[in-house]
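Below is one structure, written out as structure tokens; the observations come after it.
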Amino acid sequence: MTQTVSRDTPMLEVRNLVMNYGTKDGMVSAVEDVSFTLARGDSLGLVGESGCGKTSIALSLIRLLPDNAVVKQGEVILDGENMLELSPEEMRMRRWDDISMVFQGAMNSWNPVYRVGDQIREAIDIHWDEKPTVREANAKIAELFELVGIDPSMMERYPHEFSGGMKQRAVIAMALSCDPKIIIADEPTTALDVIVQEQVLEELRQIQHDLGMSIIYISHDIAVIAEITNHIGVMYAGKLVEYGPTVDVFARPRHPYSWLLLSSTPSVTGPRMKLAPLEGEPPNLLDPPSGCRFHPRCPFATDRCVAEEPPMEDIVEGHRLACWNHDQVPTTAKETE
Ligand SMILES: Nc1ncnc2c1ncn2[C@@H]1O[C@H](COP(=O)(O)OP(=O)(O)O)[C@@H](O)[C@H]1O
Ligand code: SF4
Ligand SMILES: [Mg+2]
């Protein structure tokens, strides 16, 4: 089926996505009614503590789920087409071509016995419409290596000859090898030391700018998201709790969880904010808290929060959040004194 997709159509629209994992102890509610959009050429950051469902969203989008995972509900509309309605074979064709992913920890999964270039060429051979000659594939890999800041001669080398930063750059090159419309980068710099992390982020920012790509960056580190995204989605316990332009959310986080995440990250907020502690841990999603899932940790919680789940609502245009008491959240951390 051919369809005309207007330039104004978002690159990606996720509507009411629900995903669970079946376990012997019951259902893990990992993604609960999540909706967001990603415009063409935009970068969206998904942030939240470990265990809040960020990777689960990514795996649902690209439809590479473990056997015990079930997408219960929702739509994932990529460039006008619902990915969740495609057959496994159709999805296999879209994956890497249309939507690709840098997996969490992927830099450690290079096969040690093959040259890095050969491993990327294998991906190119499988996914390009016409299998390229070795010369064509190598030319593409050289181009990608230059793009991500690796000397093209490194394609002849083995993984152990790459530094950590180079391994991660090569993973990014592989994710770009089929010119996808959208790329999901799951904790792409988490395993790297701070200086290398900065370099890889800069490279990613440059690539996104040069190629005009749509990107979803996933990180537990809100400082990383601040640096490289236009929009931000804050996840808590399987739910999206705040979504808006990054500058707006950083200037004035309105959801208590975002506010606490931000104010406990001094590198973002600078010395002007008094630190407010984010105590405790995200809940076990086998048995999430009633009402607002954040209520056991929230300094603004009331009885209503325990009983009733707050809906996602537009607070100002394009800035949505789910909280009954968002007007209680201080505009600056000074007010916490
Ligand atoms: N294969 C799985 N089986 C059962 N539960 C899982 C599985 N993978 C993740 N989970 C659970 O799903 C929730 C969300 O995990 P995840 O998406 O990995 O979060 P994040 O990426 O934000 O750290 C967590 O409670 C986690 O324990
Ligand atoms: S709804 Fe209540 S518990 Fe949830 S974040 Fe808002 S104030 Fe806190
Ligand atoms: Mg994860």
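With the full set of protein chains in place, find how many percent of the accessible area of the chain is carbon and sulfur; take the probe as 1.4 Å.
Answer for the chain is 49 percent, counting heavy atoms of protein chains only.
If you place +1 on the Cβ of every Lys and Arg and -1 on the Cβ of every Asp and Glu, how big does the dipole about the Cα centre of the chain come out, in debye to the nearest 20?
Charge dipole of the chain: 340 debye, to the nearest 20.
Report, to one decimal in Å, the Kirkwood hydrodynamic radius for the range 113-249 based on all distinct Cα pairs.
The Cα-based Kirkwood calculation yields 16.1 Å.
Only loop residues by DSSP count here, and only those with at most 12 other Cβ atoms within 10 Å; note down the GluC sites (Glu not before Pro) in the range 71-169 that meet that.
Sparse-neighbourhood loop GluC sites (Glu not before Pro): E130.
Excluding A137 itself, what net charge comes from residues whose Cβ is under 12 Å from its Cβ, given Lys and Arg +1 and Asp and Glu -1?
-2
Specify, per residue and in Å³, the volume enclosed by the convex hull of the alpha carbon atoms belonging to the chain.
147 Å³
Which percentage, to the nearest 5, of the DSSP beta bridges contained in the chain is antiparallel?
Just about 60 percent of them are antiparallel.
Just add up the charged neighbours of E198: K/R +1, D/E -1, any other residue whose Cβ is under 15 Å from the Cβ of E198.
-3
Which percent, nearest 5, of DSSP beta bridges in the range 132-258 are antiparallel?
Of those bridges, close to 55 percent are antiparallel.
Could you tally up the Lys pairs in the chain with alpha carbons closer than 20 Å? Skip any pair fewer than 8 positions apart unless they're on separate chains.
Qualifying lysine pairs in the chain: 8.
Between E187 and residues 5 or more places away or on another chain, which pairs have amide H atoms under 5 Å apart, with H built 1.01 Å from N, and which residues are they?
Correct list: I218, S219.
Below 13 angstrom from the Cβ of G238, what's the summed charge of the other residues (Lys, Arg +1; Asp, Glu -1)?
-1
As an exercise, use a Förster radius of 22 Å and the Cβ-Cβ distance of T265 and E202 to find the FRET efficiency, rounded to the nearest 0.05.
Once the sixth-power term is evaluated, E becomes 0.65.
Keeping every protein chain present and rolling a 1.4 Å probe, give me the accessible area per residue for the range 12-336 in Å².
45 Å²
The values are calculated or read from the model by the stated rules, or taken from the named source; none is laboratory data. None of these values were measured; they are calculated from a predicted model. Note that each Cβ is placed from the backbone with ideal geometry, even for glycine, and that neighbours are counted across all protein chains shown. What goes into the accessible areas is simple: the full protein's heavy atoms, side chains included, and nothing from ligands, DNA or RNA. Shrake-Rupley method; radii C 1.70, N 1.55, O 1.52, S 1.80 Å.
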